Amino acid sequence: MIVTTAPKPSDRAAAQAERLALELSAKPMLRRNLSVRKLVQMSGDGRLIVVTENEVRYYEEQSDSPLYFHPSMAFVRVKRLRKGESDPLIALSGCQAGDHVVDCTAGFASDSLVFSYAAGESGRVDAIESEAVICAIVREGLAAYRSTLEDVDAAMRRIRMIYGNHMDYLKSLPDRSVDIVYFDPMFRQPVHESSSMEPLRTVANMNELSEQSVAEAVRVARKTVLMKEHQASGEFARLGFERRHVNTSKIAYGVIQIGK
């Protein structure tokens, strides 16, 4: 994998590229006048990261679209929360100000952002991501992305992206030490209308959620354990979740209430 910059990078962007290359064990390379396609071909494994002044983009030879951080629908959902409207994830989890949430499958951190806004300045969201490239790109995006709303940007900055396996992280936590544990594994049955997920599918961890992970989540949670899946999925029954449908949607949430 190669890490490079835009053709005329600032000192900040150049330093960021060097840092990411070291972190990801990639080859740093000056951009010069080389095209993205040429750099992908030169990379050896068909992978390229480009640091621009505004974002970090990841390219793969077999993908037509680059991967980069954007809050997407999470921004719309948080704006609804700002207006006092409800969000099914927040309602089902019982998330409130001051809660500690562990998002075990962070991905683009969309749900982490919704949790972070709901948990507020006194809350905490730990977002675990098992794929190093995704973790790095999303972490950099959360730190730099600027929307039109300062409180939403502050919620992004509060998310703590952690590279690692969620099972290992959960095992490291004491009993009843967090409020909410959340899982959003890549769906066994994709929702094809969700085109924003397609670039992620090429690098995401596609492993199914294990019963052991759910057991660890139940051990450490004080309030709820949740999972998002396709509404027709058999994963809810397999893993012991009570399925809760979301109106006008092809997704559903599974809920385990702790102590009930």
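For (1) surrounded by 14 or more Cβ atoms within 10 Å (Cβ to Cβ); (2) closer than 15 Å to Glu140 by Cα, each residue gets a yes or a no:
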| residue | (1), (2) |
| --- | --- |
| Lys8 | no, no |
| Asp11 | no, no |
| Leu22 | no, yes |
| Pro28 | yes, no |
| Val36 | yes, no |
| Val40 | yes, no |
| Ile49 | yes, yes |
| Tyr59 | yes, no |
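Does Glu121 satisfy the condition of being closer than 22 Å to Arg80 by Cα, assigned by TED's automatic domain parsing to the domain that holds Arg77 and out of contact with any strand residue (DSSP E or B) (no Cβ under 7 Å at 6 or more places or on another chain)?
yes
Which pairs have Cβ atoms under 9 Å, sit 6 or more apart or on different chains, and link a residue in the stretch 238-249 that is surrounded by 14 or more Cβ atoms within 10 Å (Cβ to Cβ) to one that is assigned to a loop (DSSP other than H, G, I, E, B)?
Leu239/Leu209; Leu239/Ser210; Arg243/Gln231; Arg243/Ser233; Val246/Gln231
Going through the stretch 80-100 one residue at a time, which ones are surrounded by 15 or more Cβ atoms within 10 Å (Cβ to Cβ), among the acidic types (Asp, Glu) and free of Cβ contacts under 8 Å to residues at least 60 places away in the same chain?
Asp87
Out of everything in the stretch 106-145 that is farther than 22 Å from Arg12 by Cα and over 14 Å from the mean Cα position of the chain (by Cα), what residue ends up being surrounded by the most Cβ atoms within 10 Å (Cβ to Cβ)?
Tyr117
Tally the residues that are part of a helix (DSSP H, G or I) and touching a residue at least 12 places away in the same chain (Cβ under 8 Å), restricting the search to the stretch 118-163.
Residues flagged as part of a helix (DSSP H, G or I) and touching a residue at least 12 places away in the same chain (Cβ under 8 Å) within the stretch 118-163 amount to 22.
Write out, first by first residue and then by second, each pair whose Cβ atoms fall under 6 Å of each other, whose residues are 6+ apart or on separate chains, and whose first residue, in the stretch 2-21, is more than 17 Å from Leu39 (Cα to Cα) while the second is surrounded by fewer than 20 Cβ atoms within 10 Å (Cβ to Cβ).
Every condition considered, the pairs that remain are Ala13/Glu53.
Can you work out which of the residues in the stretch 228-260 that are part of a strand (DSSP E or B) and touching a helix residue (DSSP H, G or I) at 6+ places or on another chain (Cβ under 7 Å) is nearest to Arg176 (Cα to Cα)?
Among those residues, the one meeting the criterion is Ile256.
Need the failing condition index for Asp103 against (1) among the acidic types (Asp, Glu); (2) buried (at least 24 other Cβ atoms within 10 Å of the Cβ); (3) in contact with a Lys or Arg (Cβ under 9 Å, 6 or more places away or on another chain), just the number.
Only one criterion is unmet by Asp103, namely (3).
Could you tell me whether Ser72 is out of contact with any strand residue (DSSP E or B) (no Cβ under 7 Å at 6 or more places or on another chain), hydroxyl-bearing (Ser, Thr, Tyr), on the phi > 0 side of the Ramachandran plot and surrounded by fewer than 22 Cβ atoms within 10 Å (Cβ to Cβ)?
Yes.
Tell me, which helices (runs of 4 or more DSSP H) lie completely within the stretch 1-82 with 3 or more residues that are within 17 Å of Ala132 (Cβ to Cβ) and not assigned by TED's automatic domain parsing to the domain that holds Arg139?
Fully inside the stretch 1-82 and qualifying: 11-23.
The values are calculated or read from the model by the stated rules, or taken from the named source; none is laboratory data. What you see is a predicted model, and the numbers here were worked out from it, not measured in a lab. Here the Cβ is made from the backbone with ideal geometry for all residues, glycine too, and neighbour counts use every protein chain on show.
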